[in-house]
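Here's the structure, in C-alpha cells; my notes come after.
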Amino acid sequence: MKLLAGIAALAFVALSGGAHAQTIKPGLWEFTTQMSGGDGKMANAMAQAQKEMANMPPEQRKMMQDMMAKQGVQMGTGAGGGMTVKVCMTQEMVDRNEVSSHQDGCSHTNSPRMGNTMKFSFVCTKPPSKGEGQVTFTSAEAYNMKMRTTTTVQGRQETMDMQNSGRWLGSNCGSIKPLAMPKK
C-alpha cells in the first residue's frame, strides 16, 4: 500500500509539470507514465505495486480504488509496466494553469511557452527531489512530456527519466471527482 501511494505521489509530481497549459480543456484526462533509470528499483517497484493491486482480494482492491477515487485518482496499468492515472480537471485548474497535485514542500517554475513547447522545473522537500522537463502540446486535448528527476531514496540519490502523455477523454468526469485545489 505504501509503495502504491509513493508511486501515485511521484505521478502527481509529473502531472503538476505536465498539465500546465493555457489551452488545455477542462474535463477528464488520462495521463500515462513510463519511468526508467536509477538502479532499476523504480521499474521493479512499479511492477510490484501493480502485482500487489492485482493480487488483492476483490473487496480490498475495491476499497483501495474507492479511496483513491475520493482523492480524484483512478489508476490502471499501462503498456510495458507503465501506469495510467485519470484526473478530473476543472475550469478553475485550467484557468490557474495548475493541477491540485501540487504538494506541500514543492515549488514549480515554468518557462514561457514558446510555440507548442514549455519547459519546467520543480524542487520538493518531501520526498527530497528535483527535476526538470519539457512539455510538447499537440493540441488542446493532448500533450507529451519528458522529465528527469533526481530524488533521495534511503539516503541515496537516484535519477529517473519519465515520459508522460496526456489525453483528454471528454468534458464529463463521471464518478472521478476533481482534486482539491491548492490555496493561492
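The values are calculated or read from the model by the stated rules, or taken from the named source; none is laboratory data. In this text, all values refer to a predicted model and were calculated from it rather than measured experimentally.
Observations, loosely collected:
This table checks each residue for (1) at pLDDT below 60; (2) outside any loop (DSSP other than H, G, I, E, B); (3) within 16 Å of G170 (Cα to Cα).
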position	(1), (2), (3)
E52	no, yes, no
E59	no, yes, no
K62	no, yes, no
D66	no, yes, no
G72	yes, no, yes
M75	no, yes, no
V85	no, yes, yes
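- Hits in region 88-108 - residues which are assigned to a loop (DSSP other than H, G, I, E, B) and at pLDDT 80 or above: T90
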